Amino acid sequence: MQCKFLNSFPQLAVLVGFSLGVLACRHEQPNYIYMPDMVYTPAMKAQKEGSMRMPVQGTVPRDFVPYPYKNDPERAGRELKNPLRPTRAVLEQGQKIYNVTCRTCHGPLGLGDGSVVPRYPRPPSLQSDKVRNWPDGSIYHVISMGQNIMPSYASQIAPADRWKVIHYVRVLQRSQHPSAEDLKILNQESN
Ligand code: HEC
């Protein structure tokens with residue numbers, strides 16, 4: 001007589017083996033990953049060394065205007081000329097930029113009495129003989145490069161807008177120091 005148990009032994013062995021296999025599956029252990037693709041990438045902190053891609057050497061951002069006077073304010077004053085005419089539109093835009101950016105420190109008329117003063121050190125007056133006699137290029141240099149504790153505004157104010165602000169600073173200066181010609185016009189208007 002044949003033993004039924006022995007007869008079905010292969011099937012039974014497979015079943016037991018399979019059950020043990022299933023029992024061995026633990027959730028803590030992930031299944032075998034036969035094709036991980038790009039799941040496991042090296043962990044890097046954003047903006048840390050190695051995670052930033054630097055621009056190729058010698059490339060510049062679009063619309064980049066090189067500034068060759070970085071260490072030479074005198075040459076900037078001599079060589080840089082205001083490319084804009086002080087039209088009404090230019091002056092109005094210059095006024096807007098002045099009031100948004102410069103006024104907080106330099107004050108509405110450039111006297112150095114902005115709203116952050118005296119918590120922030122009082123800036124020198126833009127009405128001084130010194131700045132009134134400065135060429136436009138020297139003011140352009142201060143806006144572009146900063147000066148001592150005044151930071152550079154190169155990243156906030158585009159080159160053309162810097163020239164507009166300078167025209168507006170000239171308007172402020174003229175309002176406090178009118179020329180004989182200006183006074184003549186004023187007197188005529190008030191008559
Ligand atoms: C955060 C405050 C602050 C802002 C904003 C600021 N300035 Fe100044 N500025 C200063 C201070 C402070 C100085 C004096 C720096 C120094 O000690 O040389 C100065 C100096 C200057 C000077 C040189 C004056 C001199 O007698 O040497 C000019 C010109 C000038 N600023 C123009 C501007 C213009 C134009 C803007 C707007 C685009 C501007 N500043 C925005 C604080 C500011």
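A compact table of results
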read-out	value
Accessible surface of segment 73-190 [probe 1.4 Å, protein heavy atoms]: carbon and sulfur percent	56 percent
Karplus (6.51, -1.76, 1.60) ³J(HN,Hα), θ = phi - 60°, over segment 131-146, in Hz, Gly and Pro reported as x	6, 5, 8, 5, x, 3, x, 6, 5, 4, 5, 5, 4, 6, 10, x
When each of LYS130/LYS164; LYS70/LYS184; LYS164/LYS184; LYS70/LYS96; LYS48/LYS81 is checked by Cα-Cα distance, pairs over 32 Å	LYS70/LYS184; LYS48/LYS81
Most to least accessible of LEU80, LEU183, LEU15 (protein chains only, probe 1.4 Å)	LEU15, LEU183, LEU80
Restricting segment 52-113 to trypsin sites (Lys or Arg not before Pro) in coil, as DSSP defines it, with at most 16 other Cβ within 10 Å	ARG53, ARG62, LYS70, LYS81
For the chain: span of alpha carbons on each principal axis (Å, largest first)	139, 37, 32
Value of relative contact order over the chain, rounded to a whole percent, pairs C-alpha under 8 Å and six or more apart	20 percent
Residues of the chain: accessible area per residue with a 1.4 Å probe, Å²	80 Å²
Listed residues GLY112, GLY77, GLY58, most fluctuating in the chain (Gaussian network, C-alpha, under 10 Å)	GLY58
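The values are calculated or read from the model by the stated rules, or taken from the named source; none is laboratory data. None of these values were measured; they are calculated from a predicted model. For neighbour counting, all protein chains shown are included, and Cβ atoms are generated from backbone atoms with ideal geometry for every residue, glycine included. All accessible areas refer to the heavy atoms of the entire protein, side chains included, with ligands and DNA or RNA removed. Shrake-Rupley method; radii C 1.70, N 1.55, O 1.52, S 1.80 Å.
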